[in-house]
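Asks: Dropping a structure here in structure tokens format, bear with me for questions.
The values are calculated or read from the model by the stated rules, or taken from the named source; none is laboratory data. Computed from a prediction, not measured in an experiment: that's the story for all the values here. Cβ atoms come from the backbone with ideal geometry, glycine included; neighbour counts cover every protein chain shown. Quick note on the areas: whole protein, heavy atoms, side chains included, nothing else; ligands and nucleic acids left out. Shrake-Rupley method; radii C 1.70, N 1.55, O 1.52, S 1.80 Å.
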Amino acid sequence: MIPINEPLLKGNEKKYLMECIETGWISSEGPFVQQFEEIFSARVARNHGIAVSNGTAALDTAVAALDIGPGDEVILPDLTIISCIGQIVRAGGKPVLVDTDPTTWNMNVSQIAAKITPRTRAIMAVHIYGLPVDMDPVLDMAEQNGVKVIEDAAEMHGQSYKGQPCGSLGDISTFSFYPNKHITTGEGGMIVTDDDHLAAECRSLRNLCFQSEKRFVHKRLGWNFRMSNLQAAVGLAQLERLDEFVARKRRMGRRYTELFAGIPGIQLPLAQTEYAENIYWVYGVVLKDEVPFDGEEVMRRLHAKGIGTRPFFWPMHEQPVFRESGLFAGETYPVSERLARRGFYVPSGLALTNSQMEQVAEALSQVMR
Ligand SMILES: Cc1ncc(COP(=O)(O)O)c(C=O)c1O
């Protein structure tokens, strides 16, 4: 089986982990956590980095730090991971969805303006699969309407928008370090911001809102979302190789595009837009309308040939968890509905070899016949 993802852990990971073991610093109090926060946030040109236990925790913390509460509206893409919406709903806020751009697969920013109301508190821009959201219109609309921007850069390590690092574009921005990301800590995440108040809120929320004067007396409910020194040790070693990893992913993306070029009936990722060059977090494929079967069928056929795949995200408005409460009743988002049913991605991990990519292409070409 060619796995959908396999990370590369051949740098200083072992050395830094041994340092944790030998010094006994394994908890979140260890020195690698702060180092990782400082180096990572500097890399994305931010003043503060707050390491957390995963990318979902980073989003939950960011939404809570912005005090999104009952009745507050947050505009976000319909086609994304459930992590984006969880804390908005739990806090009693109202998620407001926009459809997807059919070529970049990111949120359709031209639909945002019509969704802004006096209750809008934030726009959550989520960069997916390798290209960033077109951020200038998002930032302009946010400024004109006095709303905050939450930037979910979970998949965008090393990517930039018009030369500015992804992660530097929101009032508050988040990352994930799950092993399928360009750099990993096993499980992990990071919140980055320039805002001193938001940074302090996030630090407090990630650490159960313990108080410095009276530790076990709490003015607010937080979470234990701390990152351990062991995870930060791996993260630091991975960060040393980020440029190499991004270059490798770009080469892999270009190679898949060459290999898939002759296969009929498939839409491939854009190599670039006017504002960014694809970093191919994953290599997505969308079946064109003339193909008489759907993505699930292709994934089943590829699995039978030993090729791992994953479907695209499933639209938020079609999630059973929200149907019961009537959230999104009657709403339709045709582009995300189509992409969810006809889109999937092929093995995209950093450890993938050229010959494995050739095998994937051969298998895809056979199953599309
Ligand atoms: C866009 C996006 N946001 C958030 C997350 C959540 O990150 P994690 O899996 O670390 O909780 C992911 C995970 O893949 C993601 O792709």
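Asks: Counting other C-beta atoms within 10 Å, and keeping those with at most 11, which DSSP coil trypsin sites (Lys or Arg not before Pro) do you find in segment 3-64?
Replies: Passing sites in segment 3-64 are LYS10.
Asks: Less than 29 Å apart at the alpha-carbon level, and either on another chain or at least 8 residues along: which lysines does that give for LYS15?
Replies: Correct list for LYS15: LYS181, LYS249.
Asks: Now for a separate question. Amide H of THR100: which non-local residues (sequence gap of 5 or more, or other chain) have their own amide H closer than 5 Å, using H built in the peptide plane?
Replies: Hits under the 5 Å cutoff: ASN108, VAL335, SER336.
Asks: Between MET1 and THR273, what FRET efficiency follows from the Cβ-Cβ distance if R0 is 45 Å, with the result rounded to 0.05?
Replies: 0.85
Asks: Residues of segment 1-115: accessible area per residue at 1.4 Å, in Å²?
Replies: Result: 42 Å² per residue.
Asks: I would also like to ask the following. So, in Å, what gap is there between the alpha-carbon centers of segment 31-57 and segment 216-233?
Replies: First find each Cα centre; the distance between them is then 14 Å.
Asks: With a 1.4 Å probe and every protein chain kept in, tell me what percent of the accessible surface of the chain is carbon plus sulfur.
Replies: Roughly 51 percent of what the probe reaches on the chain is carbon or sulfur.
Asks: Which cross-chain or sequence-distant (5 or more) residues have an amide H under 5 Å from the amide H of GLY130, H modelled 1.01 Å from N in plane?
Replies: Long-range HN contacts for GLY130: TRP281.
Asks: Given the chain, what percent of its DSSP beta bridges are antiparallel, to the nearest 5?
Replies: 60 percent
Asks: Right, here's the next one. Hey, what do the phi angles of segment 345-360 turn into as Karplus ³J(HN,Hα) couplings, whole Hz, using 6.51/-1.76/1.60 and θ = phi - 60°, x for Gly and Pro?
Replies: Along segment 345-360, the couplings run 10, 9, x, 9, x, 5, 7, 4, 9, 4, 5, 5, 5, 5, 5, 4 Hz.
Asks: If you filter segment 206-236 for chymotrypsin sites (Phe, Trp or Tyr not before Pro), then keep DSSP loop positions with at most 10 other Cβ within 10 Å, what is left?
Replies: PHE216
Asks: Another one. Using a probe radius of 1.4 Å on heavy atoms only, what accessible surface per residue do you get for segment 246-369? Whole Å² is fine.
Replies: That works out to 47 Å² for each residue.
Asks: Count neighbours as other Cβ atoms within 10 Å of each site's Cβ, and list the trypsin sites (Lys or Arg not before Pro) in segment 275-338 that are DSSP loop with at most 15 such neighbours.
Replies: Here the sparse-neighbourhood loop sites are LYS288, LYS305.
Asks: Based solely on its DSSP helices, what 222 nm [θ] is calculated for the chain when runs of n ≥ 4 H residues each add -39,500 (n - 2.57) and the sum is averaged over all residues, nearest 500 deg cm²/dmol?
Replies: -10500 deg cm²/dmol
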